[in-house]
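A short worksheet on the structure shown next.
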Amino acid sequence: MKKKKQSFIPVAVALVLIAIVAIFSFFGGFFGEITETSKEADLNAVFGITESTDAAIIYDHTLLSEKGLFVNDTFYIPLSMANNMADIFYYDPNEKRFFATTGNSVHEASPSEYAVKGEDLFVSVSLLKNYASFGLETAVSPARISIQTQWGEKKSASISKKTPLHIREDRKSDSVKMLEEGDIVRIISSNDIWSYCGTDDLLFGFIENKKLAGHKTEAETPVTGPAELVYPSVKMDGNVVLGWHNVTNDTANSMVGDVLSKVHGMNVISPTWFALKGNDGSISSIADASYVETVHAQGIKVWGLADNFTNDTDTDAVLSHTTSRRNLESNLINAALTYGLDGINIDFEQLPTQTSDDFCQFLRELSILCHANNLVLSSDNYVPKEYTNYYRRDIQGRVCDYVIIMGYDEHTSSSDEPGSVASIGFVTEGIENTLKDVPAEKVINGIPFYTRLYSLDNGILDCSVLGMADAATKLSDSGVTPSWDNTTCQNVAIYEKNGAQYSIWLEDAQSISAKLSVMRNNNLAGVACWRLMLETEDIWDVISAYYPTGTAAPEADAASSAGAGAT
């Protein structure tokens with residue numbers, strides 16, 4: 001019996017010890033669960049700072065993954081972000097020059113107003129402040145920038161009890177700051193238990209709602225900065241009816257009288273006079289003073305066209321170097337003034353995608369020079385497609401007086417199948433997509449005075465370009481009568497001859513009327529015609545009916561929306 005009693009005591013003691021450990025474990029875990037941590041978070045990790053020059057960016061109360069710079073006590077944000085706020089900044093990496101270009105001035109930035117890090121460009125917030133309105137706050141250790149562009153109601157509250165500002169909705173998560181009773185925080189968002197808040201020193205985190213008191217909601221006062229950027233414009237009175245005159249040599253200039261004798265209702269002629277020459281900004285010219293005098297005598301304006309079709313010229317090289325780009329601008333202005341032109345028409349095609357920023361800067365700078373000399377600046381554009389967005393029609397719509405759609409070449413000599421040069425759907429899409437970026441009063445739609453006759457012979461597709469009269473004669477000689485196609489709004493003929501299949505979508509009074517109807521119903525500024533001497537005389541009556549010169553365009557009406565001959 002004595003031995004049995006002795007063996008029982010160690011067992012009882014062990015059970016008691018186990019119970020004590022369990023109790024302490026329970027309460028230790030319980031108290032640990034309800035006790036908030038005050039462990040300080042690594043603020044560099046919180047803000048994603050990995051390099052000593054990094055600056056975190058908080059944009060409209062949202063921490064971005066994109067980083068700015070903090071160098072020599074100056075804060076910088078990425079160039080792309082700055083251009084989203086004021087689309088005026090441009091960097092020339094070849095000559096290492098940085099510009100801010102408004103509607104009437106070009107500011108070359110000092111070395112402290114921008115920064116280069118590898119291939120990335122940054123704009124100082126102090127420079128940006130000269131051109132955009134936004135709220136700005138900064139802090140250091142780590143460096144961080146708060147930019148506010150949206151304004152509404154500000155919700156705030158005071159801290160009712162000392163509490164950590166947690167990095168997550170978790171009482172055990174690390175703290176970015178210990179908040180004292182009475183501190184004021186901004187409430188950015190809330191749920192039933194937690195609120196995401198910001199402090200005056202640009203720290204952000206989560207606070208339990210039960211520790212917030214004295215809630216207030218007040219309207220924010222937007223930060224006002226510089227006046228909104230204004231872009232001057234030199235405009236025509238009323239509608240624009242432009243005809244491109246394809247001038248290829250000096251002799252062609254002397255034929256302008258014959259050209260004008262076949263038109264009426266046209267108030268602008270654009271001769272193809274200028275072209276890039278070499279890569280230093282030089283231009284070739286076949287401009288002629290007597291041509292201008294003849295045209296002006298009939299009350300018609302002259303917009304000299306400049307193209308980049310010269311084979312030995314690298315347009316990217318010209319535009320991407322400030323020196324050659326400005327040389328080009330100066331040469332164009334000097335030519336316009338020398339010959340008494342009324343405007344300049346830029347026709348730069350097949351630009352490489354990397355030339356986008358350079359092309360935009362070229363137009364910005366050229367527009368300032370044009371407007372200073374009372375010259376109209378217009379630019380020719382493809383029908384908008386996703387792959388031509390880099391032409392930046394939105395910027396063109398700000399700095400150019402007119403943005404011209406080359407509303408043709410839907411099908412070309414390189415197309416895989418025959419088709420219309422400018423079907424009504426193609427034209428309509430081009431207009432509607434351009435109007436997303438450019439105001440209607442600046443949009444001119446180009447129409448074709450030509451078509452293409454396609455032939456398919458032994459599997460080989462070929463085509464020839466025909467003017468309106470030649471196309472009609474071709475069909476007449478072949479004994480073919482075209483029929484109206486409501487889908488394209490064109491007269492179409494498909495026929496066989498000598499074993500080959502021919503197809504043609506005609507441009508004539510009916511098809512042109514359909515296009516003009518769409519243009520007028522979209523309140524476009526006018527019409528441009530490629531090219532003079534390929535039209536029949538009745539076309540000018542059609543154009544004048546929709547776009548009479550010297551007066552504003554008539555209001556759109558339901559009767560005209562279908563287009564002549566479309567029913």
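Which of the residues spanning the range 371-420 are of a type in the set (S, T, N, Q) and under 17 Å from K515 (Cα atoms)? Steps first, answer last, please.
Within the range 371-420, the subset of a type in the set (S, T, N, Q) is 373-374, 378-379, 381, 388-389, 396, 412-415, 420.
Result: S420, single match.
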>> Residue pairs, Cβ under 7 Å, 6 or more apart or interchain, first in the range 158-184 and more than 17 Å from D201 (Cα to Cα), second of a type in the set (K, R) and outside any loop (DSSP other than H, G, I, E, B). List them.
In response: S160/K211; K161/K211
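Criterion first (within 25 Å of the chain's Cα centre (by Cα), without any contact (Cβ under 8 Å) to a residue 12 or more places away in the chain and outside the structural domain of G397 (by TED's automatic domain parsing)) does E113 satisfy it?
On the way: within 25 Å of the chain's Cα centre (by Cα): yes; without any contact (Cβ under 8 Å) to a residue 12 or more places away in the chain: no; outside the structural domain of G397 (by TED's automatic domain parsing): yes.
No: the conditions fail for E113.
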>> I need a count of the residues in the range 189-225 that are surrounded by 14 or more Cβ atoms within 10 Å (Cβ to Cβ) and part of a strand (DSSP E or B).
In response: 12
> Looking at (1) crowded, with 22+ Cβ neighbours inside 10 Å; (2) under 17 Å from F309 (Cβ atoms), which is the only condition Q350 fails?
Replying inline: (1)
> Of all the residues that make up the range 320-341, how many are buried (at least 18 other Cβ atoms within 10 Å of the Cβ), free of Cβ contacts under 8 Å to residues at least 60 places away in the same chain and touching a Leu at 6+ places or on another chain (Cβ under 9 Å)?
Replying inline: 7
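I need the strands (runs of 3 or more DSSP E) fully contained in the range 226-296, keeping only those with at least 3 residues that are in contact (Cβ under 8 Å) with a residue 24 or more places away in the chain and buried (at least 22 other Cβ atoms within 10 Å of the Cβ).
Numbers: elements: 240-245, 268-277, 282-285.
Here the list reads 240-245, 268-277.
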> Is it the case that the range 547-562 has a residue that's modelled with pLDDT of 95 or more and crowded, with 21+ Cβ neighbours inside 10 Å?
Replying inline: yes
>> As an exercise: evaluate T536 against (1) touching a strand residue (DSSP E or B) at 6+ places or on another chain (Cβ under 8 Å); (2) of a type in the set (S, T, Y); (3) in a loop (DSSP other than H, G, I, E, B) and give the number of the one condition it does not meet.
In response: (1)
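Mind checking whether some residue in the range 54-63 is among the charged types (D, E, K, R), over 21 Å from T322 (Cα atoms) and surrounded by fewer than 18 Cβ atoms within 10 Å (Cβ to Cβ)? Explain how you work it out, then say what you get.
From the range 54-63, those among the charged types (D, E, K, R) are 54, 60; that's our starting set.
Applying the additional criterion that residues be over 21 Å from T322 (Cα atoms) yields 54, 60.
Those still in the list that are surrounded by fewer than 18 Cβ atoms within 10 Å (Cβ to Cβ) too: 60.
There is at least one residue in the range 54-63 that is among the charged types (D, E, K, R), over 21 Å from T322 (Cα atoms) and surrounded by fewer than 18 Cβ atoms within 10 Å (Cβ to Cβ).
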>> Can you pull out every residue in the range 459-474 that is more than 16 Å from S503 (Cβ to Cβ) and touching a residue at least 12 places away in the same chain (Cβ under 8 Å)?
In response: G467, M468, A469
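Here is a list: N374, N389, N381. Which entry is surrounded by fewer than 17 Cβ atoms within 10 Å (Cβ to Cβ) and closer than 22 Å to G446 by Cβ?
Working: N374 fails: closer than 22 Å to G446 by Cβ; N381 fails: surrounded by fewer than 17 Cβ atoms within 10 Å (Cβ to Cβ).
Answer to the check: N389.
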>> Filter the range 429-474 down to the residues that are surrounded by fewer than 19 Cβ atoms within 10 Å (Cβ to Cβ), among the hydroxyl-bearing types (S, T, Y) and assigned to a helix (DSSP H, G or I) and list them by number.
In response: T473
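Looking only at residues in the range 500-533 that are part of a helix (DSSP H, G or I) and among the basic types (K, R), which one is surrounded by the most Cβ atoms within 10 Å (Cβ to Cβ)? Break it down stepwise before answering.
The first filter runs over the range 500-533 and keeps only residues part of a helix (DSSP H, G or I), leaving 509-521.
Right, trim to among the basic types (K, R) and you get 515, 520.
Values: K515: 29, R520: 21.
The extreme case among them is K515.
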>> Step by step: first the residues of the range 208-233, then only those that are hydrophobic (A, V, I, L, M, F, W, C) and touching a Gly at 6+ places or on another chain (Cβ under 8 Å), then the one that is farthest from R531 (Cα to Cα). Which residue is that?
In response: A219
>> Among the residues in the range 352-369, are any closer than 24 Å to H245 by Cβ and out of contact with any helix residue (DSSP H, G or I) (no Cβ under 7 Å at 6 or more places or on another chain)?
In response: no
> Of the numbered conditions (1) hydrophobic (A, V, I, L, M, F, W, C); (2) outside any helix (DSSP H, G or I); (3) more than 30 Å from L337 (Cβ to Cβ), F426 satisfies every one except a single condition; which is it?
Replying inline: (2)
> Can you name the number of the only condition in (1) in a loop (DSSP other than H, G, I, E, B); (2) over 18 Å from the mean Cα position of the chain (by Cα); (3) touching a residue at least 40 places away in the same chain (Cβ under 8 Å) that P384 fails?
Replying inline: (2)
> When only residues in the range 115-148 that are outside any helix (DSSP H, G or I) and of a type in the set (V, I, T) count, which is surrounded by the fewest Cβ atoms within 10 Å (Cβ to Cβ)?
Replying inline: V140
>> Checking the conditions here, which among E496, E537 is surrounded by fewer than 16 Cβ atoms within 10 Å (Cβ to Cβ) and either under 33 Å from the mean Cα position of the chain (by Cα) or under 25 Å from L305 (Cβ atoms) (or both)?
In response: E537
> Which residues, counting only those in the range 47-69, are within 29 Å of C360 (Cβ to Cβ) and not polar (S, T, N, Q)?
Replying inline: A55, I57, Y59, D60, L64, E66, K67, G68, L69
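Kindly establish whether I395 is in contact with a Ser or Thr (Cβ under 8 Å, 6 or more places away or on another chain) and of a type in the set (A, V, I, L, M, F, W, C).
Values: in contact with a Ser or Thr (Cβ under 8 Å, 6 or more places away or on another chain): no; of a type in the set (A, V, I, L, M, F, W, C): yes.
Judged against the criteria, I395 is not a match.
The values are calculated or read from the model by the stated rules, or taken from the named source; none is laboratory data. Because the structure is a prediction, the values reported are computed rather than measured. Methodologically, a virtual Cβ is constructed for each residue, glycine included, from the backbone with ideal geometry; neighbour enumeration extends over all protein chains shown.
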